[in-house]
Amino acid sequence: MPLLATPAVPPGSMAALTQPEIHANGVVLRPWRLSDHPAVVAGYTDPAIQRWHCRSMTEDEAREWIGSWPGRWRGETGAGWAVLDAGDVAGQISLRRIDLFEGLAEVSYWVLPGARGRRIAPRALSALSAWCFETLRLHRVELSHSTANVASCRVAHYAGFAEEGTKRSEARHIDGWDDMHLHARLNDDA
């Protein structure tokens with residue numbers, strides 16, 4: 001069936017690129033390395049990260065998780081970066097639910113406990129958003145977080161993501177169904 005609209009981003013545009021290392025705002029976003037698996041395990045061992053991401057991870061699972069990112073990049077379904085602060089892995093940021101036809105992607109992030117309080121997440125989010133708009137040519141980048149996750153709401157606001165509304169009972173967390181705030185930036189937002 002022919003489509004009446006052209007894709008916002010032509011298929012293959014992302015896969016044709018090498019996943020970049022992004023240097024901006026005092027942080028470095030770089031593709032995951034297998035040697036980063038201890039940081040991934042530490043992240044998914046942290047109770048605060050477990051609360052919002054609803055998972056834990058063994059060392060083997062962390063290696064598998066890291067190993068899955070290149071295929072997701074080539075398939076244009078996702079992209080994950082380690083977020084480095086002063087040369088150390090401080091957290092993660094990823095694109096998920098990528099829809100090139102619609103020109104949008106959803107962002108997910110977390111920061112390790114020892115790196116919190118330095119605005120690493122909003123700096124990483126701003127850097128990744130800029131790359132999404134300038135290089136990948138997306139139209140929209142969005143994120144959702146539980147209405148109970150006040151820290152994530154601050155991250156979104158610091159990075160210029162406008163709150164668009166609340167999705168009722170949209171995500172299942174350890175303690176049950178949570179309402180989720182939806183935030184977004186558009187490529188022409190100031």
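The values are calculated or read from the model by the stated rules, or taken from the named source; none is laboratory data. Remember, it's a predicted structure, so these values are computed and weren't measured experimentally. Every residue, glycine as well, gets a Cβ built from its backbone with ideal geometry; the counts of neighbours run over all protein chains shown. Only protein heavy atoms, including side chains, enter the accessible area calculation; ligands, DNA and RNA are left aside. Shrake-Rupley method; radii C 1.70, N 1.55, O 1.52, S 1.80 Å.
Tabulated data
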item	result
Stokes-Einstein D in µm²/s, Kirkwood radius over Cα pairs - the chain at 25 °C with 0.890 mPa s viscosity	144
The chain - mean residue ellipticity at 222 nm from DSSP helices (-39,500 (n - 2.57) per run, n ≥ 4, rounded to 500)	-8000 deg cm²/dmol
Segment Ala24-Glu61, length gained on full extension (0.36 nm per residue, minus Cα span)	10.3 nm
Amide H contacts under 5 Å for Glu170, placed H, 5+ residues apart	Asp178, Asp179, Met180
The stretch 133-190 pair-distance distribution - Cα-Cα, 10 Å bins, rounded %	24, 46, 24, 6
Cβ-placed point charges (K, R +1; D, E -1), dipole of the stretch 91-190 about Cα centre in debye, nearest 20	440
Dipole of the chain, positive end: most advanced residue of Leu34, Cys54, Ser146 [Cβ charges, Cα centre]	Leu34
Average accessible surface area per residue within the chain, 1.4 Å rolling probe, Å²	51
Whole-percent carbon and sulfur share, accessible surface of the chain, 1.4 Å	52
Spatial separation of Cα centroids for the stretch 11-41 and the stretch 50-128, in angstrom	9
